[in-house]
Amino acid sequence: MPYLVILFFVVLYLLATFFFHIPALVALVYGVLSLSCFVAYAIDKSAAKQGRWRTSERTLLLLGLLCGWPGAVLAQQWLRHKSSKRSFRVLFWITVALNIGAFVYFSMHYAAPDIGTEVAPIEL
């Protein structure tokens, strides 16, 4: 299921790019922050195994909320880190929903629609 959310977002991103001309910079931001989030999870997993200082859950959630959630999903699946603590998972998926909602909102209200030459926001 977690991989389906990433696939859903990729399709959503491609549709938004086609219809609303989302700048490539947005994909770069998601890519860089996803990689950063994956690395943060890996560092925290290593610290947990070695009994060292840990990255706070708040930091991990914030990185996910700020476009890093695809990397967090992959880290949770591949590294098996933060994948069993229910309270963290619930908060994590709330941040994913908030991020996707913000992506849709900003795509529809601040990107140029592919309709005529008008660049006004789309009204719902």
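The values are calculated or read from the model by the stated rules, or taken from the named source; none is laboratory data. Values in this document were obtained by computation on a predicted structure and should not be read as measured data. Counting neighbours? That spans all protein chains shown, and the Cβs are built from the backbone with ideal geometry, glycine included. For accessibility, only protein heavy atoms count, side chains too; no ligands or nucleic acids. Shrake-Rupley method; radii C 1.70, N 1.55, O 1.52, S 1.80 Å.
Against the condition surrounded by 12 or more Cβ atoms within 10 Å (Cβ to Cβ) and either of a type outside the set (G, A, S) or within 15 Å of the chain's Cα centre (by Cα) (or both), how does L28 come out, does it pass?
No, not satisfied.
Considering only residues that are part of a loop (DSSP other than H, G, I, E, B) and either open to solvent by 100 Å² or more (accessible area, probe 1.4 Å) or at pLDDT 95 or above (or both), which ones fall in the stretch 92-118?
We begin by selecting, within the stretch 92-118, every residue part of a loop (DSSP other than H, G, I, E, B); these are 111-118.
Residues satisfying the conditions are I115, T117, E118.
Given the structure, is T17 of a type in the set (S, T, N, Q) and either open to solvent by 90 Å² or more (accessible area, probe 1.4 Å) or under 10 Å from the mean Cα position of the chain (by Cα) (or both)? Even if it seems obvious, please write down each step before you answer.
Numbers: of a type in the set (S, T, N, Q): yes; either open to solvent by 90 Å² or more (accessible area, probe 1.4 Å) or under 10 Å from the mean Cα position of the chain (by Cα) (or both): no.
Taking the combined requirement at face value, the residue does not satisfy it.
Would you pick out the residues in the stretch 45-55 that are over 17 Å from S34 (Cα atoms) and open to solvent by less than 60 Å² (accessible area, probe 1.4 Å)?
Result: S46, A47, A48.
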